[in-house]
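To start, the structure itself, in structure tokens.
The values are calculated or read from the model by the stated rules, or taken from the named source; none is laboratory data. Quick caveat, the model's predicted, so the values are computed rather than measured. Cβ placement follows ideal geometry from the backbone for every residue including glycine, while neighbour counts extend to all protein chains displayed. Each accessible area value is taken on the protein alone, full model and side chains, heavy atoms only, with ligands, DNA and RNA left out. Shrake-Rupley method; radii C 1.70, N 1.55, O 1.52, S 1.80 Å.
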Amino acid sequence: MTKDQAQVLKFIKKFWLDKGYSPSLNEIAHHMDWKAASQAHYVVKSLTERGKVKTIPGKTRSVEPLV
């Protein structure tokens, strides 16, 4: 797992616990100081492929931690 993947996963877990719902890709990008939500999308996709999170295609705020 890359450093960015680990940081994003940690942020998703904390956000989920604190607020009870998933962060948006824009919120993830903002937290990571990235200029584009596409960077967050790429990392979330890789976390999904690794089995660390699940998403519902076409639905906003659907990133749910599995670990």
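Computed values, structure above
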{"item": "Contour minus Cα-Cα distance for residue 21 and residue 46 (0.36 nm per residue)", "result": "7.0 nm"}
{"item": "Heavy-atom SASA rank of 60, 2 (probe 1.4 Å, accessible area, largest first)", "result": "60, 2"}
{"item": "Amide H within-cut-off set for residue 53, under 5 Å, with H built and near neighbours excluded", "result": "48, 66"}
{"item": "Per residue value of the accessible surface for the chain (all protein chains in place, 1.4 Å probe), Å²", "result": "69 Å²"}
{"item": "Accessible area, probe 1.4 Å, largest first, for residues 47, 25", "result": "25, 47"}
{"item": "Length released on extending from residue 3 to residue 37, taking residue separation times 0.36 nm less the Cα-Cα span", "result": "10.5 nm"}
{"item": "Options 53, 28, 15, ranked by Cα towards positive dipole end of the chain, top entry (Cβ charges)", "result": "53"}
{"item": "Segment 38-44 - phi-based ³J(HN,Hα) in whole Hz, Karplus 6.51/-1.76/1.60, Gly and Pro as x", "result": "5, 5, 5, 4, 4, 5, 4"}
{"item": "Net charge of neighbours whose Cβ lies under 13 Å from the Cβ of residue 16, counting Lys and Arg as +1 and Asp and Glu as -1", "result": "+4"}
{"item": "Vicinal HN-Hα couplings computed from phi for segment 20-29 (Karplus, 6.51 cos²θ - 1.76 cosθ + 1.60; Hz; Gly/Pro x)", "result": "x, 8, 7, x, 7, 4, 5, 5, 5, 4"}
{"item": "The chain - percent of accessible surface contributed by carbon and sulfur, probe 1.4 Å", "result": "53 percent"}
